[in-house]
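For reference, the structure is listed below as structure tokens.
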Amino acid sequence: MVAGEARSADQPVLRAAATGVALAALVLVLYWPATGGEFVSLDDPRYVFANEHVLGGLSWDAVGWAFGTVHASNWHPLTWLSLQLDATLWGGGPFGFLAVNVVLHALNTLLLFVALWRMTGALTASALVAALFAVHPLRVESVAWVSERKDVLSGTGWMATLLAYDWYARRPGRGRYALVAAALTLGLLAKPMLVTLPVVLLLLDWWPLRRLSAADPAARRRLASLLLEKLPLLAIAAAVAAATVVAQRSGGAVASLAQVPLALRLLNALAAYGAYLWKTVWPLDLAVFYPHAGYLPGDPLAALRWPALGGAALLLGVSALVLAAARRRPYLAVGWLWYVLTLLPVIGLVHVGQQAMADRYTYVPLIGIAIMLVFLARDAVRQWPRLRPLGLALAVVVLSAGALQTRRQIAVWQNSLTLFEHALAVTADNYFAHTNLAAVLVALRRDDDAVPHYEAALRIAPRYATALTGLASVLSRRGRIDDAAALNQRALAEEPDSPVMLSNQGAVRLQQDRLAEAQALFERALLGAPDYAIAHANLGVIAFRRGEVGRAADHFRRAATLNPVSVAAHMNLGLAMLQLGRPAEAAVAFETVLRLHPGNPDATRHLATARAAGAPASLAGEQ
């Protein structure tokens, strides 16, 4: 009898273990094709393949940089440490970074399932919530984009915090509370998206943990106690949030109220709340960038009026319904507030970047919507058991359709070309996608194909500095130096402190042989971005032309270190080493060029010269 009872008690645990393994395997199989993708030109250079602090791997110096730097307008040291560890383990190619993203998403799915099952006791419903989270196409951006390591890694912190909090809530104690705080802190150090998690934990106290009940005569005192319990967690979240705002402001990522007025931010936020829900049920036209009305021609308030009214009506209507049903079905209110509150940090009230919304922002918030739908369906099946076959069939259809669309969306992220071509196909007036596609085409030496995209971007957004300076670079290579200088000057008028704009105009002045002006522009660029490789490379060219070969070599060496895949930087370093009479170091530089560009005739010739201790050739600038 005792043995039989033991086997019976073990059954839910065995079922849960099997379910968890199945969910993790589903994610690995579904997302593994993402590991065959390339780095993309958007953010990945800054995060990985042109970042010496990441490619150098994990070391004490790298740890110091991760905690001490504000890079890419963010402070997320745990994300940097994870990328540095990847570089140490896997090298600098994209496979290892993408594989870890996939594994982290599988882990997050498993942790979410276990946390919900532990809290609710509802194994099937918890598994369905986790499966919806796992396979939804909106997850692809977070998984298939190396730079979004911060998303999946902070997601691990979120799920770990849920598990730790469930353990703490069952038997509160200092050690268990410390584990909750540690998990939250680690998640925040990966991405500050977790700032609302302490409030979500308070919601979970109501349902499903039932630490708070309106029927309790001491409910107010209990609520005060639970609020007090969350204060240290809120303090941790507030500290990281403040550090993030400082980092984003220092990087120029936060728009001022003059650039994006408060009324426009509110309207866009309301529209985005509705748009995210629409993309949840109809995730077909997903893009890496959705243009914000405030950066498009015309009246942005008029353009957003109706979408914002729709979003406001949806927010108010659903809020009223879930609050009315809160006593009988508290999961509806908890799931809805989970969605609304966790989107607040990224809904655009603090406006960062130029996008109206982003798929990656839904990584955690849409778990709340999944909780609402799945537990409502569970109650319906309990009330009307005949609906069970229909419910199971519907779940299979929804998950299968989501998985199919996810596979299609993964293909979009295979490389920069497919990414921006798709964005143009599914959005309108996307000046950002036009500009980035043009830059990709330029990198592929397809200038003639790039120019129409730069021109299209400038028709949509005539003051978009990145398009202005991108077109200027093409024109300068075609010998239209004066036209290029004029475009760069317009770009500088829009972004006078931008290292990119300053450096690009410096490159034009270098072509015009106006060395003093060029040097001043490159030095200004380095004031704002000391690790800007192109500025170092071109300062090296200026120094070389002036006969300051030692100084030139220092700049070339710095440029080659900052951007290890730059053929020009290594080539020029080799030539400077030859001029300095250091042929062995020159040979190393030319050998690096040949590894990056096998068969390069100039590198082959100069390598032979270096081995014979010959003389250097002339240098060229970079753009």
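Looking only at region 420-434, residues that are in a helix (DSSP H, G or I) and in contact with a Leu (Cβ under 9 Å, 6 or more places away or on another chain) come to 9 in all. The single condition from (1) closer than 28 Å to Ala66 by Cβ; (2) open to solvent by 30 Å² or more (accessible area, probe 1.4 Å) that Arg222 fails is (1). Arg490 falls short on exactly one of the conditions (1) of a type in the set (Lys, Arg); (2) modelled with pLDDT under 95; (3) in contact with a helix residue (DSSP H, G or I) (Cβ under 8 Å, 6 or more places away or on another chain), and that condition is (2).
The rows are residues; the columns are (1) touching a His at 6+ places or on another chain (Cβ under 8 Å); (2) of a type outside the set (D, E, K, R).
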position: His453; (1), (2): yes, yes
position: Thr466; (1), (2): no, yes
position: Leu471; (1), (2): no, yes
position: Val474; (1), (2): no, yes
position: Asp482; (1), (2): no, no
position: Ala485; (1), (2): no, yes
position: Gln489; (1), (2): no, yes
position: Ser503; (1), (2): no, yes
position: Gln511; (1), (2): no, yes
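In this entry, Phe590 passes the filter for residues that are open to solvent by less than 10 Å² (accessible area, probe 1.4 Å) and over 30 Å from Leu475 (Cβ atoms). Whether a residue is surrounded by fewer than 21 Cβ atoms within 10 Å (Cβ to Cβ), part of a helix (DSSP H, G or I) and touching a helix residue (DSSP H, G or I) at 6+ places or on another chain (Cβ under 8 Å) was assessed, and Arg407 passes this test.
Going through (1) at pLDDT 95 or above; (2) out of contact with any helix residue (DSSP H, G or I) (no Cβ under 7 Å at 6 or more places or on another chain) one by one, Ala215 falls short only on (1). Could you list all residues from region 177-219 that are open to solvent by 40 Å² or more (accessible area, probe 1.4 Å), of a type outside the set (Phe, Trp, Tyr), more than 23 Å from Leu376 (Cβ to Cβ) and part of a helix (DSSP H, G or I)? Of everything in region 177-219, those that are open to solvent by 40 Å² or more (accessible area, probe 1.4 Å), of a type outside the set (Phe, Trp, Tyr), more than 23 Å from Leu376 (Cβ to Cβ) and part of a helix (DSSP H, G or I) turn out to be Ala178, Leu179, Ala182, Thr185, Leu186. Of all residues in region 260-300, those satisfying the criterion of being free of Cβ contacts under 8 Å to residues at least 40 places away in the same chain and either under 22 Å from Phe133 (Cβ atoms) or open to solvent by 40 Å² or more (accessible area, probe 1.4 Å) (or both) are Pro261, Leu262, Ala263, Trp278, Val281, Trp282, Gly298, Asp299. Screening region 131-176 for residues that are among the aromatic types (Phe, Trp, Tyr) and crowded, with 23+ Cβ neighbours inside 10 Å and picking the one that is nearest to Leu399 (Cα to Cα) gives Phe133. Against the list (1) in contact with a helix residue (DSSP H, G or I) (Cβ under 6 Å, 6 or more places away or on another chain); (2) open to solvent by less than 60 Å² (accessible area, probe 1.4 Å), the condition Ala303 fails is (2).
One residue alone among Ala425, Ala370, Ala401, Ala333 is closer than 30 Å to Gly37 by Cβ, at pLDDT 95 or above and surrounded by 20 or more Cβ atoms within 10 Å (Cβ to Cβ), and that residue is Ala370. Assess whether Asp602 counts as being within 30 Å of Val70 (Cβ to Cβ) and either open to solvent by less than 20 Å² (accessible area, probe 1.4 Å) or without any contact (Cβ under 8 Å) to a residue 40 or more places away in the chain (or both). For Asp602, the condition - within 30 Å of Val70 (Cβ to Cβ) and either open to solvent by less than 20 Å² (accessible area, probe 1.4 Å) or without any contact (Cβ under 8 Å) to a residue 40 or more places away in the chain (or both) - is not met.
The values are calculated or read from the model by the stated rules, or taken from the named source; none is laboratory data. What you see is a predicted model; the values in this text were computed from it and never measured. Cβ coordinates were reconstructed from backbone atoms using ideal geometry, including for glycine residues, and neighbour counts include every protein chain displayed. Ligands, DNA and RNA are stripped out before the accessible areas are found, and what is left, the full protein with its side chains, is counted by its heavy atoms. Shrake-Rupley method; radii C 1.70, N 1.55, O 1.52, S 1.80 Å.
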